[in-house]
Structures are given as structure tokens and as C-alpha cells.
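The values are calculated or read from the model by the stated rules, or taken from the named source; none is laboratory data. What you are looking at is a predicted structure, and each value in this text was computed from that prediction instead of being measured. Cβ: placed from backbone, ideal geometry, glycine included. Neighbour counts: every protein chain shown.
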Ligand code: SF4
């Protein structure tokens, strides 16, 4: 398939692996964070980390939309469906994220809540048209990639006067998360998370372009290479980062030129800017409260804002004590550091959010057997 097969060619992968091994300086280490869950998935699925020399380390970042959603936000959706009897619709992965009181959206559905999977925000609008006697709430999640379709859905509802449709907005912003990581004590002061450079997101960057990352290169002296989601994209980006670090450069480079430009999709950016505004603060799983890191609807769209319409108030809920998702999302720990990885916590029975989505670090490691390199834990 065009644009797929040629980016999965084993021979080219071997050549790239040899180039990385040849050019990586054995006297130093290269600690590279792949921000995006799509890259984490590709690295695990295609065994990219196994092809790298020991001094080139990949660190998983927080760019998995389901993983960073805190329990309290899932609780808001569940309460709407259970107590206010709305039709709650959302993307499939959200349904299995553990929430409070042993619930998840899937378990709430088993208790009679009307929670439905949709493939797009437009499907949620369609549901509202089909059920004029019911309140339909779209539980919107995701980074900059899924925000424009949510904006289109809200504007469609406004244009059609769909008063029974609203959106519970959980859209978050990539640059704010990267800033939070770079400003975290582990990276900035303690040095427990050495971070030399980033592989920048693929799909997010098609919308926002490569320009927003220039700040990180200039201010923090961290090179960024935007990469596609195929294994050769990732390996080429690693080679480009190794070269930048060897040269002492900190620049934004774009490996994913077939889809990403410096300025991104101006029309989508304008649509988002006209529909949403910044929240002062938003809680992320793992990162805690991050200032100006998420969006909410502008006042002009208040009638379609589920938080205003149903007078919802957010309450922060701590993660399961055994779960290391928070530390994994900050790059401080690895899935194998979690004591219940692959035993109590599996994709069939996720205890934390990183085991839910295929983009989650724990799910990716489990699914592709990347945990087998660790010794088997005793039952005790
Ligand atoms: S294995 Fe499960 S419980 Fe452990 S960190 Fe990952 S998601 Fe959380």
C-alpha cells in the first residue's frame, strides 16, 4: 500500500539501524522522548528499540489522549449517564478507562447507563438528531488532532438549533505538556529523567505545524524531529536526532514532510480558535494541574457546553495506589517498573489508563511482548 509498505521495509530498517549504531557516540547516551502514543505503539510493534544501540534510549511521553485523562473527568461523564440519564457518546477506548468506585464507562453501561461508542463527533450529532427527546452528550477527548472535528460538530449543532446536544470538552494541548515535562523537577533540577531531544507528534503536527516546537529548541536547547508513525519514520527521526546532538544543534526538523508543514492547517487552527478558549488550568493524569493546557468552549457556545448545561463540577480523584501510570507518563518510570504489570493489570482488565488504549505504553509493551525481557516475578 502506498505510503505504508515503503515505510516498513526491513532492508531499509537494517540500514538505518546500522547508521544509528555507527553515528551514535559510544562515549555518551542519547535519551530521546517520543511524545506521542502512536510512536510508542510503533516502537513496540516493530521492535524499534531492539534495533538501537544500548546508549540510544527511548523514553515514553504523555501523548496518549486516553492515558492522560484523569479519573475525575471520566467520573463526570459516568455521572451524567447514570444520574442525568443522558446518552453519553465517546470514542471506544474511553469506555474501559478505570474510574471511581470500581466503575468504568463500560461497567456503567452494564448498570443501565446509555453510553455509546461513536467513530466521530459527527456521529454524536447524528444521534442527537435521531433522539430529539433525549439529551445527547459527546465526551470529547484528544489532542489538537481531534479538536477541529469537535468544533465542527458544535457549529453544526448551533446551525441546526440542536438544543439536545452538548459536549463535555476534554481537549488538551501538546506544547503545554512538553513545557510541563521540561519544567518538571525530574528533568530540570534532579536530572532523574535525562532528556536530550524529542520525536514530535505526527498527526498533531499536521494541524499545528512544526512552528510551535521552535520554542523548545530555542529556549530549552532540545532538538525536535517531527516524525510519521511508520517504523522507518521513527528510525529516521532517531538518526536525525543523533546527528543534531552530535553536532551540538538544537533545531526543529521535519521528517514527516509528506503531511506536516511549518504552519500547519490554518483553517483548522482558526476554527479551533473561534470555537474554544484556554482553560486556566486542567488536571492531567501523571502531570497534575497544568496551566493553560486544555480548552473549553467560548461563551458564544455555552448552550452546547455540557459542563455549563448540567452544572458539572470537577473533583480530582487519586489513581489506584499500585498504578505507576503517572510516573510512566512523566517519563520517570517504565511499564516494567509496575509491580502489577501483566499480572493484575492486563489489556483485558486494565487497572490504569496506560493499559487501555493501544497507544498506552503499558498496553503497547504487553501486546507486543516487550515485557518478556524482564525476569518473571514471584507470586509473592
Ligand atoms: S501496568 Fe497497569 S497499573 Fe501498572 S502502570 Fe501500567 S496501567 Fe498502571
> Given the residues 254, 265, which is the only one that is in contact with a strand residue (DSSP E or B) (Cβ under 9 Å, 6 or more places away or on another chain) and more than 16 Å from residue 31 (Cα to Cα)?
Replying inline: 254
>> Only one of 140, 110, 122 is modelled with pLDDT of 95 or more and buried (at least 23 other Cβ atoms within 10 Å of the Cβ). Can you tell me which?
In response: 140
> Hey, residue 315 hits all of (1) touching a residue at least 24 places away in the same chain (Cβ under 8 Å); (2) assigned to a loop (DSSP other than H, G, I, E, B); (3) in the same structural domain as residue 179 (by TED's automatic domain parsing) but one; which does it fall short on?
Replying inline: (3)
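Given the residues 199, 181, which is the only one that is at pLDDT 95 or above and crowded, with 22+ Cβ neighbours inside 10 Å?
From the options 199, 181, the qualifying one is 199.
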> Which number in (1) surrounded by 12 or more Cβ atoms within 10 Å (Cβ to Cβ); (2) at pLDDT below 95 marks the one condition that residue 321 misses?
Replying inline: (1)
> For segment 330-358, how many residues meet the condition of being under 19 Å from residue 68 (Cβ atoms) and more than 9 Å from the ligand (Cβ to nearest atom)?
Replying inline: 7
> Name the helices (runs of 4 or more DSSP H) wholly within segment 145-194 that hold at least 3 residues that are under 20 Å from residue 292 (Cα atoms) and touching a strand residue (DSSP E or B) at 6+ places or on another chain (Cβ under 9 Å)?
Replying inline: 147-160, 174-183
